[in-house]
Amino acid sequence: MPRSTRMAAWCLSLALLAFAPAAVSDDLPEYRLKAAFLYNFALFTEWPADLGATLNLCVYGRDPFGEEIDALQGKPVGARRIVVRRFTSIEGLSVCQVVFIVNPSGDGISRVLSALHGASVLTVADAPGAARQGVALNMNLVNNKITFEANLTAVRAANLTLSSKLLSLATEVLP
Amino acid sequence: MRSRRKLLLAYILTLLWAVPGTADSFTLDQLLDMPLEQLLQLTITSRHAPPLSARWPPPPNGPRTVEHRDAA
């Protein structure tokens, strides 16, 4: 083998090995993981028996999930199947069982919660302090890992029950 | 000479095959199969940061505007 060819082979080997650690690290976008959490929230919620065959999982606001959440379409939650829907107006939310409120801030969140008051809707957000504002489940990012907190008053007001397993994994459970 | 070239090509191809690609390691389906305890341990690698103009809903006093003043 010519010396130059041998050198080229060694350089290529070294280059591949140098880039290998970056290549093997897991690529996990924020909202793919959050979509998985949303699915688990639906799984660990006790839904009213008269709900029907579908469970409408709604994103209210500018959708940060993109196609990540579309993969939940048709996934089973007990005997029901998930239907992913997106809304930009409060009026349509009456058909939802899970509402992910995008970037809740100011009076936006209180308007949504007022509109859903009394309905069997699991509200979810990912904004600091959203659980204290009345959202049932709120996701936080801590050291690039997702944690969540629960607001039991909001859950009870929606006539829903969260499993004890879900609550045991929450970082905070507001009574 | 030709056999040596073939050997070198085989070596390079083996090396390329052995190094994992940059494809996503966790698909959503894989995540859905994981228990919640395991999801809590996962570290995200890319954060979603919408541009300021994409913030939703807009602030109550309307979108931020830049005030231009003519120099006196």
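What follows draws every value from the coordinates through simple rules; no lab data is involved. Everything numeric here is computed off the predicted structure, so don't read it as measured data. With ideal geometry, Cβ positions are generated from the backbone for all residues, glycine too; neighbour counts draw on all protein chains shown.
Couple of notes before you dig in:
- Linear extension gain, A:VAL95 paired with A:VAL173, 0.36 nm per residue minus alpha-carbon span: 25.4 nm
- Centre separation in Å (Cα based) which lies between the stretch A:46-76 and the stretch A:121-175: 17
- Straight Cα distances below 28 angstrom link A:LYS75 to the lysines A:LYS34, A:LYS145, A:LYS165, with same-chain residues fewer than 8 positions distant left out.
- Take the Cα of A:THR147, step 7 Å toward its Cβ, do the same at A:THR88, and the gap between the two points is 3.6 nm.
- Residues A:ARG80, A:ARG156, A:ARG32, sorted so that the one with the fewest Cβ neighbours within 10 Å comes first: A:ARG156, A:ARG80, A:ARG32
- Full extension of the segment from A:ASN159 to A:HIS117, taken as 0.36 nm per residue of separation minus the current Cα-Cα distance, would add 14.1 nm.
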